[in-house]
Every structure is written in C-alpha cells, then in structure tokens.
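Colleague: Structure below; questions to follow.
The values are calculated or read from the model by the stated rules, or taken from the named source; none is laboratory data. In this text the structure is predicted, and so the values were computed from the model without any measurement. Counting neighbours? That spans all protein chains shown, and the Cβs are built from the backbone with ideal geometry, glycine included.
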Amino acid sequence: MVSLKDVAARAGVSASTVSRVLSNNPVVNEVTRVRVMDAVRMLDYRPNELAKSLKLGRSNTIALLVPSIQNLIFPSVARGVEDTARKAGYTVILCNTDEDVEEEKRYITRLRTRFIDGFIVASMMPNSDHIRKLWQEGFPVVLTSRIYDDTIDAVGIDNEGAAFDATQYLVRAGHKRIAFAMGREEIPLYMDRYKGYRRALEAGGLPYDEALVIHETNGTGSFYYLVRNLIKRGVPMDAILASSDPKAFVVMRALHDAGLRIPEDVSVMGIDNVETSAQIEPPLSTVAQPLYEIGALAANKLIRQIHHKEKTGHLAPPQVDILKTDLIIRKSTR
C-alpha cells in the first residue's frame, strides 16, 4: 500500500505537509498543494480511514436504527438522513432492529466499539433503557418517530394532534360511527393517536364505542381479518381511521373484498402520507408527516451534537422539535 511518506517523497515535501494538504489546511501555498495532489493521483494514494479515525477520535459515520426499512415511512426518513449526512461529509449505516430490543442493544454495542460518532434511533421502545444510558454517558443520540419525553434530542410530530385532526374531519363530514384501527399499544405513538381519536369524538359530541376500536393482533396484516370479522358481526360503521397508512391499505382491501364501496359505504383515512397513499385506488385521505424533513433535521441535530461535544467535551442541552402535519383529503373519504 502507498503510504503518506511515499506521497511526500514523490512531491518533495514532508509528510506533515501532505497531511495539511489532504485536510485542506490553508497554510499550504497553492504551488505546493498542486504538487502534492499530483503525487496523490500518480501514486493512487488512499488515506487510511481507520488511522484517521483513531487520530481524530471520530469516523464521520453515524448509524440510523429503524424497526424495519420495509415500513413505508422509513425510506423517506432514511433519505432525509442520508442526504443531509452526505452533504456534511458523513456516512450512514442503516440497521433494522425488527422491533427486537436485544437486537437494538447488539447493534449499539458493536457500533460503539467501531468509532461510530452517533445514533439516530427510530426504533426505541419504552424499555430501551440502553438508549437513555447512551445519552447519559454523553454519547450523541437523536430520537425520531418515537418520542418519550424531553430528556433526549428528538424530532417528531404531535401524534395526538394528527389523529384529532383526522377524526375531526370525519366528524365534520357527517360520519357518526367512526372505527379506529389501533396499532401496538406498547408503542406510545399509537396510544397518542388513540387519545386524539377519542378526544375528537368527544369534541364532536359522538359517543365512544369500544366495539369500534380494532386492536392489532399479529402485525399490520391482521387488520384484514379483524375488519372482515367486524363486518360479519354486523357492527355498523361509516368510517375507519387507521393509525398508519399501511394499516389503512389493509383496511381498504378488507372492505373491498367484503363488497363495500369506498367512500360511498365507508370512508377510510390514514396517518403518514407515504408515497403509495396517492397511488392506490381510491387515493387515500391522510395526515401527512414531513418524513423527509424529519430525517434531515434529525441528521442535522446529531451532527451539531457531535461537533458540540468535540469542542466542549459534553452534549448540548436536549431539544425536542415537533414538526407540523397537514391534512390531505383525497378520494377515500366523502
């Protein structure tokens, strides 16, 4: 392998001068800079990134932990993270935890020992105390999608407010029997959306009916059979709010296969506004999360924390950013 000393010998300068050129140090004059870069190209010199990381104490690499990249909200979030990180000179490692806290722990343990500079975590569960410990130890962390309190940097939306807006729209459109497709109750964002649904019913003067709350049993696909069973039991409903767009897609398929028309018989609304929402038939009404912007802001916050710790030796006080959502009305509601 070509070394820094080889480049220095070819350029007729010291190894320290080569190092200054490669780090864009302005003290090197232009003639010397050109001579060094010519030597770099001639020798096809590639810096030893591991050695550089050891010297600087960082690797310009961050990790993004998601439950599953197959969840349709995360490609946009990941793109926001990667685009922003790349512009700042960082590489992103994507980790799928599959909602497994132990797998999340393993990723963190392995990556911390490989000079990872920080974590963006979209997979945190209520019992993910290892994430809280990371922050307490002064390791840069930003939460996204799942926010628990204001003790760790985070980016997300007002989940209760999003469900309230969606339900309120359905109420104002004249719906009286609005069902709610509820996600996993141990994940707080779904509980927040459930609270928003209930609050909107109360504000609209509609009674709450537990029979209209459809509880996920075995993944998003379970809503197909749950909705079909609700129809078979003759439970009247004129609208369904799904706690996420992917759940809404399954709900729509169940209604279609049961011979019900959307929105003539039952209106359907989701929360997310993933790309597929506008492409299905009928296009799905939903509450749009700014998914790309969430990822971009999370990356910016993490990079700022990394730099702040470099300069001061500790993390800056945590800040939680709640981004605005928008009601998108398409043809799945009347």
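Colleague: In the range 128-139, is there at least one residue being aromatic (F, W, Y), at pLDDT 90 or above and under 30 Å from L315 (Cβ atoms)?
Modeller: Within the range 128-139, one or more residues are aromatic (F, W, Y), at pLDDT 90 or above and under 30 Å from L315 (Cβ atoms).
Colleague: If you don't mind, another one. I'd like the full set of residues that are within 30 Å of the chain's Cα centre (by Cα) and either part of a loop (DSSP other than H, G, I, E, B) or closer than 17 Å to I178 by Cβ (or both), limited to the range 263-274.
Modeller: Step one: of the range 263-274, the residues within 30 Å of the chain's Cα centre (by Cα) are 267-274.
Listed by number, the residues that qualify are S267, V268, M269, G270, I271, N273, V274.
Colleague: From the residues in the range 104-147 that are loosely packed, with under 15 Cβ neighbours inside 10 Å and without any contact (Cβ under 8 Å) to a residue 24 or more places away in the chain, which one is farthest from R193 (Cα to Cα)?
Modeller: The selected residue is T113.
Colleague: Filter the range 163-193 for residues that are within 24 Å of N71 (Cα to Cα) and either assigned to a strand (DSSP E or B) or assigned by TED's automatic domain parsing to the domain that holds P67 (or both); which is farthest from the chain's Cα centre (by Cα)?
Modeller: So the residue we want is A179.
Colleague: Looking only at the range 130-158, which residues are assigned to a helix (DSSP H, G or I) and touching a strand residue (DSSP E or B) at 6+ places or on another chain (Cβ under 8 Å)?
Modeller: Those that are assigned to a helix (DSSP H, G or I) and touching a strand residue (DSSP E or B) at 6+ places or on another chain (Cβ under 8 Å): I131, L134, W135.
Colleague: Test G234 against the stated conditions and say whether it is part of a loop (DSSP other than H, G, I, E, B) and more than 26 Å from E82 (Cα to Cα).
Modeller: Criteria met by G234.
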